[in-house]
1. In segment B:39-62, is there at least one residue being touching a Gly at 6+ places or on another chain (Cβ under 8 Å) and surrounded by fewer than 22 Cβ atoms within 10 Å (Cβ to Cβ)?
2. Quick test for you: out of B:Ser198, B:Ser143, B:Ser189, B:Ser193, pick the one residue that is in contact (Cβ under 8 Å) with a residue 12 or more places away in the chain, within 18 Å of B:Leu99 (Cβ to Cβ) and either surrounded by fewer than 17 Cβ atoms within 10 Å (Cβ to Cβ) or among the small types (Gly, Ala, Ser) (or both).
3. Could you say whether any residue in segment B:152-164 is of a type outside the set (S, T, N, Q) and within 19 Å of B:Glu341 (Cβ to Cβ)?
4. Considering B:Ser458, B:Ser401, which residue is in contact with a Ser or Thr (Cβ under 8 Å, 6 or more places away or on another chain) and buried (at least 23 other Cβ atoms within 10 Å of the Cβ)?
5. Check segment B:42-60 and report whether any residue there is charged (D, E, K, R), touching a Cys at 6+ places or on another chain (Cβ under 9 Å), assigned to a loop (DSSP other than H, G, I, E, B) and at negative phi.
6. Mind checking whether some residue in segment B:476-499 is hydroxyl-bearing (Ser, Thr, Tyr), modelled with pLDDT under 90 and surrounded by fewer than 18 Cβ atoms within 10 Å (Cβ to Cβ)?
7. When both residues are 6+ apart or on different chains and their Cβ atoms are under 7 Å apart, which pairs have a first residue that lies in segment B:445-465 and is within 21 Å of B:Val490 (Cα to Cα), and a second that is in a helix (DSSP H, G or I) and charged (D, E, K, R)?
8. Are any residues in segment A:146-164 modelled with pLDDT under 95 and aliphatic (A, V, I, L, M), and if so, which ones?
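The values are calculated or read from the model by the stated rules, or taken from the named source; none is laboratory data. It should be emphasised that the depicted structure is a prediction, and the values quoted were computed from it without experimental measurement. Cβ placement follows ideal geometry from the backbone for every residue including glycine, while neighbour counts extend to all protein chains displayed.
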Amino acid sequence: MEQLAALIAATLSAGTPLLLAGIGLLVNERSGVLNLGAEGMMLIAAAAGFAVGFHTGNPVAGLAAGALAGVLFSLIFSALAIGLATNQYATGLALTLFGAGLSAFAGLAYVGKSVPFKSTFEVPGLSALPFLGTAFFKLHPMVYLALALTGLVAWVLARTRAGLVIRAVGESPESAHAIGYPVRLIRVGAVAFGGACCGLAGAYLSLVYTPLWVEGMVAGRGWIALALTTFATWRPWRIALGAYLFGSVTMIQFALQAEGVEIASQLLSMLPYIATIVVLALISRNPAFIRLNMPASLGKPFHP
Amino acid sequence: MTAPAGTPRLALRGISKRYPGVLANDNVSLSVAPGEIHGLIGENGAGKSTLMKIVYGAVRPDAGEVLWDGAPLPAHSPAQARRAGIGMVFQHFSLFDTLTVAENVLLALPGVTDRAGLARDIEAMGEHYGLPVNAAQHVYSLSVGERQRVEIIRCLLQKPRLLIMDEPTSVLTPQAVERLFATLRQLASEGVSILYISHKLEEVRALCSRATVLRGGRVTGTCDPRQESVASLSRMMIGAEPPRATGAARQPGAALLEIDRLTMPPLERTGKALDAVSLTVRAGEVVGIAGVSGNGQGELLALISGEDRRAPPQSVRLAGAPVGGSGVVARRAHGLAFVPEERLGRGAVPVLGLHLNTLLTHDAGLTRGGLISASAIVALAASIIARFDVRTAGPTAAAKSLSGGNLQKFIVGREVVKQPRVFVVAQPTWGVDVGAAARIRQELVALADAGSAVLVVSEELDELFEICDALHVIAGGRLSARIPVAQASVERIGALMGGGAETEGAHA
C-alpha cells in the first residue's frame with residue numbers, strides 16, 4: 001500500500017516537467033505558432049536555473065532564472081519566425097540544436113555538481129494522512145503549481161476574451177488582422193508564455209527532479225511535450241492526463257527493472273512513449289473533434 | 001468627433017495602390033456625407049475591394065489620404081478604423097470557423113463580457129433584420145449564406161457610423177433583400193453613412209442616392225443612380241450593355257441526372273436532413289434550384305457530386321447508371337462535372353497555379369505514365385483563360401491571386417471545356433460582376449444547347465429565370481415539385497423559399 005502511494009507521488013513528480021512544458025506549448029500552438037525549439041529552451045533553462053540556484057543557494061531564484069531564460073530564448077524564435085516570417089519548423093529545429101550546444105558549453109563548469117535543495121515539502125496537517133499523505137501531500141510546490149496552471153489555462157482559453165483572441169489568431173490570423181487584432185504581438189506573447197513554461201520545466205528538472213547538472217539532461221522531454229499537445233488535441237486536461245500517464249509508466253518500468261523482470265531494459269524504456277501515444281491516439285480519434293480543436297494556421301507564417 | 005456642417009464623413013483623395021503586375025487603384029477620390037448611401041460599382045478587378053480595404057485600414061495605399069470627418073487618418077489600421085466607427089461586411093468573410101457565432105461576434109466587440117446577453121442580442125438582431133442565426137452554432141457548420149448573416153449582424157452590433165457592405169445581398173431572398181434595404185435606409189436616416197458595393201445595378205438604383213463607378217482602377221463617373229438606367233450604368237462600368245443569355249429552342253432528350261426519393265440525415269450535426277428529394281434533368285435542359293442557403297443545398301450537392309456516398313445506389317442515377325454509392329472519380333467517368341460554391345479550397349487549391357488546378361479535374365492527354373506534361377496543362381489553362389476572359393497574370397498564377405469573379409470564370413471554364421454530359425453548378429455567379437456573370441450564364445445555356453443536362457443551384461432568382469427551363473425550390477430539406485419557368489413568378493418562388501426559412505432556428 002505504501003509502495004503504491006510512493007509510486008503515485010513519483011508519478012506526479014515525473015509528470016510535472018512534461019505538464020509544465022506541454023501547457024506552455026499548448027498556448028503557444030493555440031496562437032498558431034509551432035515552436036520546435038522546446039527541447040533547446042528547456043536545456044538552456046535547466047543550465048541557467050542550475051547556475052543561478054548553485055550560486056545563490058536559492059531555489060526560487062533558480063526557477064525564476066530558468067523561466068526568464070526560456071522567455072529570452074523564445075524571443076529569439078519570435079524575432080525570426082514571427083518578425084521575419086521565417087519557416088517555423090526550421091527555426092525551431094535550429095533553436096533546439098543551438099540550445100543543446102549552448103547549454104553544454106555554459107554548463108561545463110557545473111558538470112558533476114549538485115544543489116542541496118529539498119525536493120519534497122509536507123503540507124501541514126494533510127501529510128500525516130495514511131496513504132493520501134504520502135501520495136499527494138509530500139511533493140514539491142511546483143507539482144501543485146503545474147496543476148493550478150493547467151486549470152488556469154483551461155479556464156482562460158475557454159472562458160475569457162484573452163483566450164478567445166488567442167484561439168482566433170491561431171484559427172485565422174487573416175481574419176483576426178482584418179477585424180483589428182495585433183496578430184504578431186499576440187503571437188509573440190503566446191510564444192513567450194510557452195518559453196516561460198518550458199523554462200520552468202527545464203529548471204525544475206535540474207533543480208528539483210534530479211538536482212544536478214548533466215549535459216543533455218532534458219533527454220527528449222521537450223519533444224514529448226510537443227507530441228503531447230498534438231495527441232491531447234490541444235486540450236489542457238488531456239495534456240495533464242498524458243503527462244502523468246507518461247510519468248506513471250516511467251516509474252512502473254523503473255520498478256520492474258529493479259525487480260529484475262526478464263524483459264530487456266531497452267524494451268521497458270520504450271513503454272512510457274508507446275503507452276502515452278496509444279492512449280492519447282485512442283481518445284482523440286474523432287476527426288471532427290480534432291478539426292474543432294486544431295489551430296488551423298498552425299505552423300504557417302503570417303504576413304500582414 | 002464634431003465636424004463643421006457639410007464636411008463629408010469620409011473623403012478619399014488621390015488614392016493609388018499598386019500590386020505586382022496591376023495598378024489596383026489609380027488616383028481615386030470620392031466622398032460620403034453623413035447619412036448618405038453611396039454606391040460603388042465596377043467590374044471584377046476594377047479595384048473596388050482594394051479601395052474598401054484601404055478605407056478599412058487593412059491595406060495601406062501607396063499614395064493619397066483618407067479623411068474622416070475632415071481630419072486625416074494617418075497611421076491607419078483596422079482597429080483604429082473600428083474605433084472611429086467604420087464597420088465592414090467582407091465579401092471574403094473574416095470569420096473563425098472553429099468558433100461559435102457568439103464568439104465570432106464577441107471578438108469584434110471590445111468591452112462586452114456578458115456572453116449570454118450577447119447571444120440574446122445576436123438572435124434578436126437577426127430576428128429584427130430577417131437574418132436568423134443560432135448564436136451557439138459553430139461557424140464551420142454554416143453555409144455561405146448563413147456566414148454572411150453572421151458578418152452583417154456582427155457589423156450592425158458595432159453601431160458603426162460608416163458601414164461598408166461588399167456585395168451583401170447575393171445570398172438573400174428577394175424579401176430579405178427588401179428587409180435589409182429597409183434596415184439600411186433606417187440606418188441612413190439615423191445618420192449612418194453607407195458605402196454599398198454591388199454589381200447588381202438594379203439594387204444600386206433602388207438604394208443609393210449617389211454612386212461612383214470604377215473601371216480599371218480609375219473613377220469613370222459619379223452619378224445619381226436613380227436618374228440612370230441599368231443600361232447607362234452598365235455602359236459606364238464596362239463600356240457596353242451585357243448580353244442576355246439566349247439559347248436555341250431545345251427538345252429535351254433522355255434523363256441524364258435523376259434523383260429518386262432521396263432521404264438522408266445530415267453528415268454534420270448542424271446540417272439539414274433531406275426529405276424525399278426527387279428531381280430529373282434531361283439532356284438539353286437547364287434546371288434550377290432556388291432557395292436560401294442552408295436549406296439543404298449543400299447536402300444535396302454533396303450527394304450528387306459523390307463527396308457524400310451514403311445514398312442508396314438507385315437513388316442517384318447518371319445517364320441511367322446507379323451511382324449513389326460511387327465516389328467522385330467514378331461519377332466523373334460517367335460524365336458528371338461539378339462546380340461547388342466555395343471556390344478557394346474546394347473548387348481550387350488556393351496556393352497552386354491555375355495550370356495545376358486544371359489538372360485536378362482533367363486527365364486525358366495531360367499525363368503520360370503518371371508524369372505531368374507541363375506544357376499540355378499550361379496550354380490548356382491558357383486556352384481556358386483566353387476563352388473565358390479570365391483576368392490574371394498568366395496560366396501559372398496561384399488560384400488565390402485571382403479575384404472571386406475571375407476565379408469563378410476559370411473554374412466554370414475548366415469544367416465546361418470538358419463538355420460534360422451532366423453539369424452541376426452551385427452559385428455560378430456569386431460575387432461576379434455583370435459582364436462576367438453574363439458570360440458564365442451564356443456558357444451554361446450553350447452547354448445545354450449542345451445536349452448536356454445542366455443543374456444550377458442559385459440564390460439569384462433573376463439568374464434562374466434567365467437561363468432555366470424549369471425550377472425547383474428547396475426549403476427545410478424538402479424540394480418542391482418541378483415548376484416550368486413559364487409558370488413561375490418571383491412572388492411564387494419567393495414565397496416557397498420563405499416557407500422554409502421561417503422554420504429555421506428550430507433545429508440545433
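1. No, segment B:39-62 contains no residue that is touching a Gly at 6+ places or on another chain (Cβ under 8 Å) and surrounded by fewer than 22 Cβ atoms within 10 Å (Cβ to Cβ).
2. None of the others qualify; the one that does is B:Ser143.
3. Checked segment B:152-164: at least one residue is of a type outside the set (S, T, N, Q) and within 19 Å of B:Glu341 (Cβ to Cβ).
4. Numbers: B:Ser401 fails: buried (at least 23 other Cβ atoms within 10 Å of the Cβ).
Within the list B:Ser458, B:Ser401, the selection yields B:Ser458.
5. Within segment B:42-60, none of the residues are charged (D, E, K, R), touching a Cys at 6+ places or on another chain (Cβ under 9 Å), assigned to a loop (DSSP other than H, G, I, E, B) and at negative phi.
6. Yes, there is a match, as at least one residue in segment B:476-499 is hydroxyl-bearing (Ser, Thr, Tyr), modelled with pLDDT under 90 and surrounded by fewer than 18 Cβ atoms within 10 Å (Cβ to Cβ).
7. Qualifying pairs under 7 Å: B:Glu463/B:Arg441.
8. Within segment A:146-164, A:Leu157, A:Ala158, A:Ala162, A:Leu164 meet the criteria.
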